[in-house]
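As structure tokens, the structure follows; a few thoughts come after it.
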């Protein structure tokens, strides 16, 4: 047998069908995967095809691929799901109530699984690029793999030969201790490494190792629209002023961007902002294509995240030159990439999108019409809440201009007025810092599409002058 | 001249009227004070009586006394106010819009003042028990005094001889660095001391020192009601189970309680809960009377906070024996007492009250009827968001039973469904961890008063089965 850089030691190698047998019909199953990459593929697929009567609780790191959130849902195998979901099939099941979903913050999920009373975990299935008898090396995301393998006494590892072994070079796995003896994270700069490329585990727990050879379902990013570009331009102008004003940006600008096409477009547009000779640093949860371009062009000094959420082209580009990219890119466990303590320590400017915002600065990131969940709060709350400068960037309308994303009152609140500093649309920048709700409303009307401004003004007239946050509850949702 | 333990060195001693002259008519004035104690008294009063045409921005640590939030409001001297207010006169001005108020989290206020774009500070007026040429010792609260004195180049100190000099024994002043070079807080246990009893400042900034001799306006706590006691009993039962279940409470139970009569009653009732031989530790923002009783009885090992928010009797009791109490009580800057990093590190169970909660676990802490502000979010968001076990405890009704505090949809969201783990009323405990919104609604109906349960059930019927979080927006606010 030739030496293998993927499999080390005496491993319980088996096929996906047998490994799937390690998962009890009503198990709480923890999976790797974040930003739709690095999730296990063969074992979930085998579970879906097993024709067993399954009633699983599935806890992933973040968003995962179709083998979990399509195939297992279509097989009616999932009863409960945390912390995030982003595919049509699981989304439908969450909204019709056939899957019980609880929308969780990313940064605290590891603790919730380990000792928070959220679930009683049975088995973890995680993807790796290499595995030994008591360690594994994650693939394209780290997500919650470290706390998940700690929380179970049964572990199944999928070793994926389609993911480059060189991904190890990105990983910095630091393990948090348990409260109250938990120590501060010993990380003094966004690009620093304080851990190990490997995730250790109890060798007694390793129940099965399965070999696979299948790429992640890649992201697709749409081309930036004219509206995206106008938002990016307003954001760039605001940041140019802010880096001059604030002493915490004297030498560098640390940024996080939300996942998605708008976030990707805003990242790319950062290259055009004039931030002087400041170092540009990324400290967020995912590396998207826009960041690779910034790295290639030398505009970005370092990037820290938990996932390589790339398009097919982005994957090609990174996989061809993984070790070079790893010089400037660090992947961390999601409880580190999103950690409140670190977002605060590094003073990370947070830029996230939203479904809608209201005139008083509350933000809805998850629901349409108050009832219908889209995907989940994800990591947005970790950054919005803890950033010294939290920016919500969104187009002023949806539905081809038929719906205003600036409303009198949002139908679901994911980020409160206390946490949101600035709102940017293609029409302008509302700097809410230090403003009263009435002052915010005047700024936000100007950020709405002109077609909706009269109705927003009418609402404010109806709301009147009574109260710190004047509302007319009779028409707060029925306002146009 | 006899040696004086209050005044050290060559100080610019003056009277309150002259010191008030250091405050420009349109100044941004930062004041000490938190939990309604340790605020400056003589200089604000002199400003209020000055008959000058004032348009001040007043930023306090937390809540302050009548010399600021009554007298200065009645003198029409305040244009803007942060971060919290709790007296009728300022409250009326906030609600009629004559004072522009922005409701801020406590933990991040120091950063917002120093470099967040909130205000451009001019002068700080702080109360002390002693002062030197480049240091002061805070009195009954530390609040935001350290970042406030850092943020200004003009400082006025009131040395209050009615506050015992021995209060120095409580203080542990640690200064946070600036992002991105900020270090983790080197605190490894709730009762540890890592700083200094004194707050240092730039001696060039010291513009005036005024002597005063006046106690804080004391807190008044109402006697616990039968409802308070039923809530306390439900909370106690829940905690007894939880400490057995979770490994993070194996050796000790760290608790925070919100400010007010209910919080005070719940603290006192903790003495009756059977938590085995675990150490009971308080890590919160205020020391209330209930905690002194627990300390006296040996039920509490250590308490960390930023303010001694006591009744007149509590003050007597503590002032008579300050040095003994200081063996077990530490006062910290509010940015430490409420720090997300520390709430997480120590795994602090957070117990806060609320105005109302909704069937899906959103919490309103600040507004009545959507429009009318009560006092502010205070530190509740710091604890609710970062605690591994965040409990909202409240009576099921208000207005003598006429109003349900469990509603279909809250009219203002201060804490989102993502942050709230458990809701306790006198009727029961809703453990929301891991539940879908539909499951939460069923639990929360049971926590409502029986008079309102049919109307809540009717609402859920109208909301139907569509969506992850079923709502009927037409009747979400008009539901009874």
Taking the Cα centroid of segment A:285-362 and of segment B:25-82, what is the distance between the two, rounded to the nearest whole Å?
44
Calculated FRET efficiency, residue B:134 and residue B:178, Cβ-Cβ r, R0 30 Å, to nearest 0.05?
0.90
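In percent, how large is the relative contact order of segment B:303-342, given Cα pairs closer than 8 Å and 6 or more residues apart?
Normalised by residue count, the contact order of segment B:303-342 is 61 percent.
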When each copy gets a label point 7 Å from Cα toward the beta-carbon at residue A:203, what are the spacings between them in nm, shortest first?
6.5
Rank these for me by crowding, B:154, A:405, B:41, going from fewest to most other beta carbons within 10 Å.
B:154, A:405, B:41
The residues B:201, B:257, sorted from fewest to most surrounding Cβ atoms within 10 Å, come out as B:201, B:257
Order of A:142, B:392 from fewest to most other C-beta atoms within 10 Å?
B:392, A:142
In chain A, what % of DSSP beta bridges are antiparallel (nearest 5)?
25
The simple spin-label model distance between residue B:398 and residue B:272, using points 7 Å out along Cα→Cβ, in nm, is 2.6
Can you tell me what share of the DSSP beta bridges in segment A:13-212 is antiparallel? A percent to the nearest 5 is fine.
20
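Calculate how large, on average over all directions, the projected area of the Cα convex hull of segment B:13-212 is; give the answer in nm² to one decimal.
For segment B:13-212, the mean projected area of the Cα convex hull comes to 10.7 nm².
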Per-residue Cβ counts within 10 Å, from other chains only, averaged over B:243-249: what number is that?
3
When each copy gets a label point 7 Å from Cα toward the beta-carbon at residue A:433, what are the spacings between them in nm, shortest first?
3.7
Relative contact order of segment A:60-139: what whole-number percent is it, with Cα pairs under 8 angstrom and at least 6 residues apart?
21
Cα-based shape type of chain A, given that a ≥ b ≥ c are square roots of the gyration tensor eigenvalues and the cut on a/c is 1.5:
prolate
Rounded to one decimal in nm, the spacing of the 7 Å Cα→Cβ label points at residue A:166 and residue B:312 is 7.7
Taking the Cα-to-Cβ direction at residue A:74 and at residue A:233 and moving 7 Å from each Cα, how far apart do the two end points lie in nm?
4.4
Overall dimensions of the protein assembly as shown by Cα: Rg and Dmax, Å
27.6, 94
Can you list the copy-to-copy distances for residue B:166, using a point 7 angstrom from Cα toward Cβ, in nanometres, shortest first?
7.0
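For a Förster distance of 30 Å, can you work out the FRET efficiency between the beta-carbons of residue B:439 and residue A:4, rounded to the nearest 0.05? It would help to have the intermediate numbers written out before the result.
Working: r = 47 Å, r/R0 = 1.56.
About 0.05, to the nearest 0.05.
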Is the shape of segment B:397-480 best called rounded, prolate or oblate, per the rule: a/c under 1.5 gives rounded, else a/b larger than b/c gives prolate, else oblate, with a ≥ b ≥ c the square roots of the Cα gyration tensor eigenvalues?
rounded
Extension gain (nm, one decimal) between residue B:214 and residue B:466, 0.36 nm per residue minus Cα-Cα
84.6 nm
Taking the Cα centroid of segment B:410-480 and of segment A:177-226, what is the distance between the two, rounded to the nearest whole Å?
36
Given the rule -39500 (n - 2.57) for each run of at least 4 DSSP H residues, summed and divided by the residues of chain A, what is its mean residue ellipticity at 222 nm, to the nearest 500 deg cm²/dmol?
-7500 deg cm²/dmol
Whole-Å semi-axes of segment B:38-88's equivalent ellipsoid (Cα gyration tensor)
16, 12, 9
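Computed from the coordinates by the stated procedures, all read-outs in this text should not be read as laboratory data. This structure is a prediction, so every number in the text was calculated from the model and none was measured. Methodologically, a virtual Cβ is constructed for each residue, glycine included, from the backbone with ideal geometry; neighbour enumeration extends over all protein chains shown.
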